[in-house]
Structure formats: structure tokens, C-alpha cells
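Reviewing the structure listed below.
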Amino acid sequence: MKSKEELLKELSDCVVEMKDNLVGGVAKEYIEAGYPALDGITEGLVDGMQRTADLYEQEEYFIPELLICSDAMYNGLDVLRPHLEKTESREKHKVVIGVVEGDTHDIGKNLVRIMLEAAGYEMHDLGRDVALRSFVDKAKEIKADVIAMSTLMSTTMPGMSQVIEMLIAEGLRDKVKVIVGGAPISPTFAQKIGADGYSATAVEAVKLVNRLMGVESEKIGA
């Protein structure tokens with residue numbers, strides 16, 4: 001029988017290598033071996049999407065490759081997700097995600113959305129160039145647990161602080177966690193504006209939200 005590490009690598013490789021027709025078989029083998037479904041998702045499929053994102057940033061992969069890789073990830077999810085029923089018996093946490101106003105770069109945001117969705121979160125994607133008020137309005141509408149904001153432009157960074165200020169003004173700040181990310185963002189900036197966390201990659205974003213929502217203990221081996 002293959003080790004857990006071997007199968008996790010195969011799941012990751014299937015995504016990166018666009019083997020959307022083979023990943024389901026690997027996922028089935030992983031489950032039949034008795035390994036945790038959540039680890040298969042986060043450390044296998046999600047890891048593969050992060051590697052794909054790196055290739056995209058290096059301009060070795062482009063949008064068509066990204067789409068096929070995401071198809072492979074979802075094919076693997078179709079096999080693994082049914083085995084998460086015990087951890088999903090709780091109500092899903094709701095996440096509002098978007099790229100802040102003034103920025104239209106959304107590949108990083110899309111990867112974070114895909115990976116959080118894969119990890120069992122209910123995602124509400126506002127898209128790119130999102131009006132700051134929209135983050136707050138959507139959070140109020142759906143009673144969101146988390147607002148996730150990203151940007152690749154330093155000129156739009158102040159908007160993140162403004163969203164937090166709006167949450168405070170609305171009396172919602174203690175009800176909604178705020179995480180930020182993107183190339184110009186740093187842990188220092190996140191702390192300065194009063195955000196609850198920062199992540200440099202989509203994989204780290206999943207771990208961060210798990211921790212903030214108190215579900216980190218469900219991610220065996222994290």
C-alpha cells in the first residue's frame with residue numbers, strides 16, 4: 001500500500017500536470033487506504049493548485065492551463081468531499097472575498113476562493129475592483145464570519161483599512177474576522193490596520209481561516 005505522503009504527492013501532481021481524468025482514481029485509492037479526506041484536499045489537491053499558481057506567476061502556465069488544473073482539482077474533490085460529512089455536520093462558515101476597489105488583478109483571489117471552497121467554506125465572491133462599502137453590505141446581508149480582501153497595488157491598500165473602519169462604525173467588527181493578502185501586503189501592514197491575519201499564499205489562507213474559525217484541530221497533521 002502506498003504511503004500517505006506518496007498519495008498526497010500524486011494528488012498534487014495530478015492537478016499540476018492537468019491529469020483531470022486520473023485524479024479521481026488517485027483520490028479513491030487515498031480514501032480506501034484510510035487516510036483523512038481533509039488532508040487529501042488541503043495537502044494534496046490544494047497544494048497542487050498552489051504549485052499551479054506559482055507556475056502562472058512565473059509565466060510558465062497561462063489561463064487555459066489554470067482552468068484545466070482547476071478541473072482536475074474539482075474532479076478530486078468530487079471523490080474526497082463526501083468523506084468530510086462528519087466535519088461538515090456543523091454549519092458552514094461564510095466568507096466574503098474580493099479584490100479591493102481600484103485593482104482588477106484577481107488570480108490570487110480566485111485561488112484563495114477555490115481553496116477555501118474546497119476546505120468546506122461557503123464562499124461569496126464579489127469579484128474584482130469591489131466598492132469598499134460592498135464588503136460591509138454583503139457581510140451584513142449573509143452574516144459573514146470572515147471578510148477576505150486582496151490587492152496587488154499599493155495604491156489601493158488604504159481601502160482595506162477603510163473597510164475595517166466601516167465594520168467598526170456598523171458595530172460589526174467583533175462579529176467578522178478580516179484577513180488580507182496580496183503582493184504589497186505584509187504582516188506589519190495587516191497588524192497596523194487592525195486585520196485579524198495575513199497570508200502570503202492561498203494554502204496559508206486556508207490554514208489562517210481554519211485557525212480563526214477554530215477548526216484547525218480538524219485538519220489532522222496541519
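None of the figures in this text is laboratory data; all of them are computed from the coordinates on show. The model shown is predicted, which means the values in this text are computed figures rather than measured ones. Cβ placement follows ideal geometry from the backbone for every residue including glycine, while neighbour counts extend to all protein chains displayed.
Its Cα centre serving as origin, the chain has a Cβ charge dipole (Lys and Arg +1, Asp and Glu -1) of approximately 820 debye. Here the 3J(HN,Hα) profile of segment 149-161, calculated from phi with Karplus coefficients 6.51, -1.76 and 1.60 at θ = phi - 60°, is 10, 9, 7, 10, 10, 5, 5, 9, 4, x, x, 5, 5 Hz, Gly and Pro shown as x.
Could you tell me how many degrees, from 0 to 90 and to the nearest 10, lie between the Cα long axis of helix 107-118 and the main elongation axis, the longest principal axis, of the Cα atoms of the chain? The angle comes out near 60 degrees. Please go through the residue pairs Lys9/Lys109; Lys19/Lys138; Lys109/Lys143; Lys109/Lys140; Lys175/Lys207; Lys28/Lys143 and name each one whose alpha carbons sit more than 28 Å apart in this structure. Beyond 28 Å between Cα atoms: Lys19/Lys138; Lys28/Lys143. Loop-resident chymotrypsin sites (Phe, Trp or Tyr not before Pro) (DSSP state other than H, G, I, E or B) in segment 1-74 with no more than 16 further Cβ atoms inside 10 Å of their Cβ: Phe62. For segment 4-87, what does the alpha-carbon gyration tensor say about shape, rounded, prolate or oblate, given a ≥ b ≥ c as the root eigenvalues, a/c under 1.5 as rounded, and a/b over b/c as prolate? In terms of gyration-tensor shape, prolate. Look at the dipole of the chain built from charges on Cβ: of Val15, Val178, Pro36, the Cα furthest out on the positive end belongs to Val178.
Longest stretch of the chain clear of exposed loop sites (trypsin sites (Lys or Arg not before Pro), DSSP loop, at most 16 other Cβ atoms within 10 Å, sites excluded): 3-85.
Quick one: Cα centre-to-centre distance for segment 27-66 and segment 162-189, in angstrom? After rounding, the separation between the Cα centres reads 29 Å.
Label-to-label distance, Ser154 versus Met1, with points set 7 angstrom from Cα along the beta-carbon direction: 5.3 nm. Note that segment 134-139 has calculated 3J(HN,Hα) couplings of 5, 4, 5, 4, 5, 4 Hz, one per residue in order, obtained from phi through the Karplus relation 6.51 cos²θ - 1.76 cosθ + 1.60 (θ = phi - 60°); glycine and proline are x. Between the helical axis of 23-32 and the longest alpha-carbon principal axis of the chain there is an angle of about 80 degrees.
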